[in-house]
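Q: Dropping the structure in here first, questions after.
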């Protein structure tokens with residue numbers, strides 16, 4: 001895979017000048033064109049160094065966003081060096097991604113045996129005392145219980161036998177003033 005050229009064309013340097021000279025965010029056309037010019041090269045850089053399509057796309061977005069923000073803030077001293085700035089930023093972001101990935105892997109290996117595995121088959125328990133206290137503290141006319149029936153398999157367009165559905169209840173408690181917003185009684 002060929003290395004992307006870091007030498008900016010005159011057009012790219014002129015775009016960088018226009019973005020840097022404009023009030024923050026007012027050079028949208030120049031920003032769009034600069035993005036269009038550098039995006040394929042930054043993406044190729046990401047593919048070469050990260051070897052992952054999605055990571056290369058993420059790198060492209062992050063680097064070009066950082067570039068445009070730096071131009072808007074006037075942090076780039078020489079617009080002729082826009083190519084060096086973009087690919088220097090690529091290099092630093094890739095190093096940071098690798099460092100973060102290596103750190104996460106070290107932590108995972110270090111603490112893998114200490115972290116208990118959650119049993120997904122155990123359903124969360126409802127705190128009945130807390131629900132009772134919540135309901136007792138509300139006026140009867142202000143409490144509204146909504147019940148939703150959803151299929152266990154998550155499919156929406158199907159006929160469901162009663163034993164194959166879950167009931168999800170939500171307790172809505174209006175607050176004072178005007179049209180009352182809904183607030184669940186329990187978090």
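Q: Subtract the Cα-Cα distance of residue 77 and residue 136 from 0.36 nm times their separation in residues, and report this length gain in nm to one decimal.
A: Extra length from residue 77 to residue 136 when fully extended: 14.6 nm.
Q: Starting with the highest mean, order 63-69, 100-106 by the number of other Cβ atoms within 10 Å, averaged over the residues of each peptide.
A: 63-69, 100-106
Q: What order, most packed first, do the peptides 126-135, 32-41 have when packing is the mean number of other Cβ atoms within 10 Å of each residue?
A: 32-41, 126-135
Q: Here's another thing I want to ask about it. Work out how much length residue 105 to residue 9 would gain on full extension: take 0.36 nm times their residue separation and subtract the Cα-Cα distance, in nm to one decimal.
A: Between residue 105 and residue 9, full extension yields 30.5 nm more.
Q: Now a separate question. Determine the gain in length on full extension of the stretch residue 115-residue 95; use 0.36 nm per residue of separation and subtract their C-alpha separation, reporting nm with one decimal. Numbers along the way, then the final one.
A: On the way: separation 20, 0.36 × 20 = 7.20 nm, distance 2.87 nm.
Value of the extension gain: 4.3 nm.
Every read-out reported here was derived from the displayed coordinates using simple, explicitly stated rules and does not represent laboratory data. This one's a predicted model, so the numbers in the text were calculated from it and none came from an experiment. In this analysis, Cβ positions are derived from the backbone assuming ideal geometry, glycine residues included, and neighbour counts consider all displayed protein chains.
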